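The values are calculated or read from the model by the stated rules, or taken from the named source; none is laboratory data. For clarity, every value in this text was computed on a predicted model and none was experimentally measured. Cβ: placed from backbone, ideal geometry, glycine included. Neighbour counts: every protein chain shown. We work out accessible area using only protein heavy atoms, side chains counted, and drop any ligands, DNA or RNA first. Shrake-Rupley method; radii C 1.70, N 1.55, O 1.52, S 1.80 Å.
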Amino acid sequence: MELKPLVIGDLKAKTPVIQGGMGVGVSLSNLAGAVALHGGIGIISTAQIGYKDPTFDQNPLEANLRAITTHIKKAKEIAKGGIVGVNIMVATKKYEEYVKTAAKAGADLIISGAGLPTMLPKLVEGFQTKIAPIVSSVKSAHVICKIWDRKYQKAPDLVVVEGPRAGGHLGFTIGQLENVTKEWFDEEFQGIVQVVKEFAQKYQRPIPVIAAGGIYNRADIEHYLNLGADGVQMGTRFVTTYECDADLRYKMAYIHAKKEDIVLVQSPVGMPGRAISNAFMEGVKIEKPKISLCHQCLEHCNPATIPYCITDALIHAAKGEVDRGLLFCGDNAYRAEKLEHVEDIMKELSEESIL
């Protein structure tokens with residue numbers, strides 16, 4: 001099967017692969033720029049993106065907004081004309097400011113999940129930035145498309161369909177994640193494709209649909225292309241690259257992980273996720289870590305009641321303090337055997353073919 005370029009309005013990626021946004025500090029300018037340089041679409045995670053700023057503890061919002069601009073600029077310099085976007089969670093405190101800052105900084109694309117991005121079209125008015133919601137069901141796809149159509153007379157430029165095999169925060173309950181089958185999601189995915197087609201016809205323009213979650217190699221890509229996808233989003237595969245922005249010890253945790261080490265977890269903010277089991281995850285079951293400072297990361301978070309601070313846990317992980325951190329991952333993380341260069345992965349994905 002020949003891979004066709006991914007076209008999003010006036011944007012065109014040679015290879016229909018979007019690198020998933022991974023935070024905190026996993027997909028920043030270095031990784032996103034490299035993926036964009038080699039024909040894909042690179043995505044910067046804005047989740048606590050300014051965590052290295054010396055003023056982060058005192059004013060995380062200003063540190064994060066500055067870092068958004070800095071990383072978009074740097075990624076575009078690396079990409080040399082390639083497509084660079086950002087992932088901004090709807091659950092982020094001051095979400096509107098994050099979106100406006102990214103658009104002003106020249107983000108080519110904003111992908112937004114962890115809630116339905118009902119206000120996103122309004123926030124990017126006046127900019128050329130393309131916008132894409134993340135959905136996980138036919139119902140959520142229909143709801144967000146209908147809201148954008150009714151309130152803004154606009155359809156998405158792209159729709160990302162994230163399945164139950166992804167890492168990070170997921171749009172399913174723990175019960176669904178434990179019982180959902182691949183066949184069920186394939187059927188749901190095809191239903192979402194049909195919903196998006198209805199709005200594409202209404203607006204007389206193509207709206208690409210992107211499959212995400214559990215996609216690791218060329219065979220996975222072709223599977224979803226055969227189901228009607230225009231491309232795929234891959235996160236986990238790019239963690240174990242030299243260009244990934246996380247610490248080497250973070251990457252090695254993936255390489256050393258066994259299949260049974262990858263578990264479902266309940267985030268402090270009520271969303272389930274998938275991560276590598278480690279000393280930190282076992283420890284929080286016994287004793288709540290002390291939370292000395294609120295980093296103002298997510299809207300629905302009460303430091304007095306959460307089992308641990310997710311910002312602290314993710315920053316520890318990104319810095320390589322893996323036994324003190326939360327290691328989000330997709331269910332394919334155990335398949336990583338070595339460090340790779342982004343260029344080699346993109347070549348493998350674009351040139352290899354199933355006979």
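For residue 139, the lysines whose Cα falls under 20 Å of its own Cα, not counting residues fewer than eight places away in the same chain, are 151, 154, 182, 197, 202. The three principal axes of the C-alpha atoms in region 261-325 carry coordinate ranges of 30, 23, 21 Å, sorted with the longest axis first. For region 123-255, the extents of the C-alpha atoms along the principal axes are 47, 37, 28 Å, listed from largest to smallest. Among 266, 234, 203, whose Cα sits farthest toward the positive end of the charge dipole of region 198-299 (+1 at Cβ of Lys/Arg, -1 at Cβ of Asp/Glu, about the Cα centre)? Farthest towards the positive pole: 266.
Taken per residue, the accessible surface of region 203-297 reaches 43 Å², heavy atoms only and a 1.4 Å probe.
How much accessible area per residue does region 1-46 have, in Å², with a 1.4 Å probe?
Per-residue value: 31 Å².
A straight Cα-to-Cα reach below 23 Å connects residue 338 with the lysines 251, 258, 259, 319, 347, residues fewer than 8 places away in its own chain not being considered. Computed over region 238-355, the convex hull of the alpha-carbon atoms projects to a mean area of 8.8 nm². Dividing the summed helix terms, -39500 (n - 2.57) for each DSSP H run of n ≥ 4, by the number of residues in the chain produces a 222 nm estimate of -11000 deg cm²/dmol to the nearest 500. The dipole here belongs to region 32-86: it is taken about the Cα centre, uses +1 on the Cβ of Lys and Arg and -1 on the Cβ of Asp and Glu, and is about 240 debye. Ordering 280, 138, 184 by the projection of their Cα atoms onto the charge dipole of the chain, which places +1 on the Cβ of Lys and Arg and -1 on the Cβ of Asp and Glu, puts 138 at the extreme positive end.
Considering every alpha-carbon pair of region 79-185, the percent of pairs per 10 Å bin, from zero through the bin containing the longest distance, is 14, 44, 30, 11, 1. For region 212-254, what class follows from the C-alpha gyration tensor (a ≥ b ≥ c being the square roots of its eigenvalues): rounded when a/c is under 1.5, otherwise prolate if a/b is larger than b/c, else oblate? Here region 212-254 falls in the prolate category.
Over the Cα atoms of region 202-298, the radius of gyration divided by the Kirkwood radius equals 1.07; this is the Rg/Rh ratio.
Please label the shape of region 168-243 as rounded, prolate or oblate, based on the square roots a ≥ b ≥ c of the eigenvalues of the alpha-carbon gyration tensor (a/c under 1.5 means rounded; beyond that, a/b larger than b/c means prolate, else oblate). Verdict is oblate for region 168-243. Ellipsoid semi-axes for region 54-132, based on the Cα gyration tensor and the rule √(5λ), read 19, 18, 10 Å when sorted largest first. Taking only the alpha carbons of region 103-164, we obtain Rg and Dmax values of 11.3, 35 Å in that order. Computed from label points 7 Å out along Cα-Cβ, the spacing between residue 282 and residue 139 is 3.8 nm. Overall, region 236-341 carries a charge dipole of about 140 debye about its Cα centre when +1 sits on the Cβ of Lys and Arg and -1 on the Cβ of Asp and Glu, all other atoms neutral.
Volume of the convex hull of region 92-135 (Cα atoms only), normalised per residue: 61 Å³. Entry note, region 41-188: relative contact order of 17 percent, from Cα contacts under 8 Å with a spacing of 6+ residues. Ligands, DNA and RNA left out, the accessible area of the chain computed with a 1.4 Å probe is 51% carbon and sulfur.
If only the Cβ of Lys and Arg carry +1 and only the Cβ of Asp and Glu carry -1, the dipole of the chain around its Cα centre is close to 880 debye.
Please go through region 268-328 and write out the GluC sites (Glu not before Pro) that DSSP classes as loop and that have at most 11 other C-beta atoms within 10 Å.
Details: sites: 282, 287, 299, 321; in loops: 287, 299, 321.
Here the sparse-neighbourhood loop sites are 287.
Could you tell me the center-to-center distance, by alpha carbons, between region 62-90 and region 225-259 in angstrom? For region 62-90 versus region 225-259, the Cα centre distance is 19 Å. Once the Cα-Cα distance is subtracted from the 0.36 nm per residue extended length, the residue 150 to residue 104 segment shows a gain of 14.0 nm. Quick check: Cα centre of region 137-158 to Cα centre of region 261-312, how many Å? Spelled out, the Cα-based centre of one part sits 32 Å from the other.
When the inverse distances between all different Cα atoms of region 241-293 are averaged and flipped, the Kirkwood radius reads 13.0 angstrom. Direction-averaged projected area, Cα convex hull, region 1-135: 8.0 nm², rounded to one decimal. As a length-normalised measure over Cα pairs under 8 Å and 6 or more apart, the relative contact order of the chain settles at 18 percent.
Here's the list of lysines a cross-link from residue 73 could span, going by alpha-carbon distance under 22 Å and ignoring same-chain residues fewer than 8 apart: 12, 14, 52, 94, 100, 104, 130.
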